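K.L.:
Just dropping this structure here.
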Amino acid sequence: MPPPMTREECLARDASDPLASLRPQFVIPEGVIYLDGNSLGPPVRASATRAAALVTDEWGAHLIGGWERDGWIDSGARLGGRIAPLIGARPDDVLVCDSTTVNLFKLLHVGVALRPNRSVLLASDDDFPTDRYLVEAVAAQRGYTVRWAPPRNWHGATLKDVAVGVLSHVNFRTGLIADMEAITRALHDAGALALWDLSHSVGALPLDLGACDVDMAVGCTYKFLCGGPGAPAFAMVGAHLHAGVHTPIPGWLGHARPFAFAAQYEPAPGIGWAVTGTPTIASHVLLDAALDVVGSVAVTATRHKAMELGALFVDIVEGELPGVFTLHSPREPELRGNHVSLGHPDGFAIVQALIARGVVGDFREPDVLRFGFAPLYLSYVDVHDAAIALVDVMRTEEWRDPRFSRRGTVT
Ligand SMILES: *Cc1c(COP(=O)(O)O)cnc(C)c1O
């Protein structure tokens with residue numbers, strides 16, 4: 001294996017990197033190397049002006065008229081149409097609304113109703129907590145059981161009686177990418193529906209839900225899409241399922257004619273029913289501004305750089321500190337998403353010591369140091385310096401300082 005790039009080689013690489021020109025579009029504090037864009041992406045420069053314009057030029061100027069004049073009422077569908085090409089879905093099948101958690105609840109119920117006479121929801125017990133909790137809750141509400149199995153076992157008897165299989169495309173802890181096409185096909189062959197959580201994939205990996213014949217999907221927009229804290233999520237339901245939908249949250253704005261104020265609920269066609277209530281327009285505006293930047297470059301190019309950044313980080317850390325960390329992520333960059341997870345029993349304190357040096361990653365129980373490599377605002381030299389900072393934190397043992405073991409609410 002060739003040695004990792006030196007600092008000088010990284011600088012040269014940055015000088016010829018076509019993505020480097022995007023960096024000034026993002027707001028990142030001076031002196032910070034941000035490796036947590038897989039949890040909460042930074043703002044784009046235009047976020048502040050767009051938010052101010054909403055208040056001054058739209059809401060402040062048109063008051064309630066903004067719902068029509070400024071297009072707020074169609075914002076979820078419009079943003080869904082902007083997410084669609086990022087995930088390889090039809091624009092009419094995607095809606096931006098609610099949180100990922102609420103969308104999972106809706107689509108799990110929809111999926112169960114579309115596959116009656118079955119008894120099982122299939123999920124993986126190392127999936128993100130919200131996915132696990134929602135599967136259990138919906139199963140209990142519908143009288144189903146949950147079958148837990150790692151995705152590599154999603155074949156044969158594991159698929160018997162399954163109504164819906166739900167899975168994160170990129171595992172939040174390890175970064176392992178699941179084989180969307182093969183798993184979806186196996187579910188279909190067993191008569192089940194596939195519901196994918198794209199939270200760690202959208203904006204990071206090339207996705208083609210259409211080619212993979214995916215039935216339903218959800219995902220969040222505040223990670224690699226930089227929509228901002230609490231940015232609305234998206235829901236995708238394939239056109240082949242639209243006719244049979246029964247929503248568990250029949251909200252007034254998802255009615256076929258909301259302003260008829262009818263006594264009976266009647267779902268809006270297509271994916272329109274997935275609107276549960278009044279959309280969070282201030283957050284929609286921030287997402288729209290972010291998509292102008294994040295959606296402006298081909299994900300194949302950004303993915304290539306992200307794989308190189310992740311490999312550079314791993315190679316430096318393992319080369320300088322052999323045996324100190326366990327690599328929880330797949331070693332091959334092609335098999336993992338745009339984050340890398342290292343295991344160490346003192347991971348929490350190590351991450352805190354790094355943050356004190358301006359290198360921001362995060363910690364996930366029980367022992368995972370997580371580093372995200374968002375290629376739009378990180379340079380090769382950033383990643384080089386972050387790896388050297390980690391090496392230094394370990395060599396000096398500065399993480400042993402008791403102030404790095406104090407825990408807040410958010411890790
Ligand atoms: C981040 C994330 C979520 C977030 O759900 P919210 O409802 O937005 O809090 C859901 N699922 C996965 C896999 C995630 O990584």
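K.L.:
When the residues of region 23-50 are narrowed to those that are aliphatic (A, V, I, L, M) and not in a loop (DSSP other than H, G, I, E, B), which ends up surrounded by the most Cβ atoms within 10 Å (Cβ to Cβ)?
P.N.:
Taking region 23-50 and keeping what is aliphatic (A, V, I, L, M), we get 27-28, 32-33, 35, 40, 44, 46, 48.
Next, only the ones that are not in a loop (DSSP other than H, G, I, E, B) stay: 33, 44, 46, 48.
Working: ILE33: 22, VAL44: 24, ALA46: 17, ALA48: 13.
Among those residues, the one meeting the criterion is VAL44.
K.L.:
Moving on. In the list ALA77, ALA89, ALA20, which residue meets the criterion of being more than 16 Å from the ligand (Cβ to nearest atom), over 30 Å from ASP213 (Cβ atoms) and either part of a helix (DSSP H, G or I) or open to solvent by less than 40 Å² (accessible area, probe 1.4 Å) (or both)?
P.N.:
Going through ALA77, ALA89, ALA20 in turn, just one is more than 16 Å from the ligand (Cβ to nearest atom), over 30 Å from ASP213 (Cβ atoms) and either part of a helix (DSSP H, G or I) or open to solvent by less than 40 Å² (accessible area, probe 1.4 Å) (or both): ALA20.
K.L.:
Name the pairs whose Cβ atoms lie under 9 Å apart, with the first residue in region 391-409 and farther than 12 Å from ALA356 by Cα and touching a residue at least 40 places away in the same chain (Cβ under 8 Å), the second in a helix (DSSP H, G or I) and aromatic (Phe, Trp, Tyr), and 6 or more positions between them or separate chains?
P.N.:
SER405/PHE348; SER405/TRP399; ARG407/PHE348
K.L.:
Within region 196-246, can you find the residues that are closer than 17 Å to GLY76 by Cα, open to solvent by 20 Å² or more (accessible area, probe 1.4 Å) and either among the polar types (S, T, N, Q) or more than 16 Å from the ligand (Cβ to nearest atom) (or both)?
P.N.:
none
K.L.:
In region 180-193, is there at least one residue being closer than 24 Å to ALA137 by Cβ, away from the ligand (no atom under 16 Å from the Cβ) and in a strand (DSSP E or B)?
P.N.:
Checked region 180-193: at least one residue is closer than 24 Å to ALA137 by Cβ, away from the ligand (no atom under 16 Å from the Cβ) and in a strand (DSSP E or B).
K.L.:
Which pairs have Cβ atoms under 8 Å, sit 6 or more apart or on different chains, and link a residue in region 151-166 that is β-branched (Val, Ile, Thr) to one that is open to solvent by 60 Å² or more (accessible area, probe 1.4 Å)?
P.N.:
THR158/ARG147; VAL162/ARG118; VAL162/ARG147; VAL164/ARG115
K.L.:
Kindly evaluate LEU104 against the criterion of being closer than 25 Å to LEU187 by Cβ, within 15 Å of the chain's Cα centre (by Cα) and part of a helix (DSSP H, G or I).
P.N.:
yes
K.L.:
What number of residues in region 111-137 are in contact with a strand residue (DSSP E or B) (Cβ under 7 Å, 6 or more places away or on another chain), in a helix (DSSP H, G or I) and either of a type in the set (A, V, I, L, M) or within 12 Å of the ligand (Cβ to nearest atom) (or both)?
P.N.:
So the count comes out to 5.
K.L.:
Could you grab me the full set of residues in region 146-179 that are touching a helix residue (DSSP H, G or I) at 6+ places or on another chain (Cβ under 6 Å) and away from the ligand (no atom under 15 Å from the Cβ)?
P.N.:
VAL146, ALA149, TRP154, HIS155, ALA163, VAL164
The values are calculated or read from the model by the stated rules, or taken from the named source; none is laboratory data. Predicted model, so just to flag it, every value in this text is computed and none were measured. We place every Cβ from the backbone using ideal geometry, glycine too, and count neighbours over all the protein chains shown. Quick note on the areas: whole protein, heavy atoms, side chains included, nothing else; ligands and nucleic acids left out. Shrake-Rupley method; radii C 1.70, N 1.55, O 1.52, S 1.80 Å.
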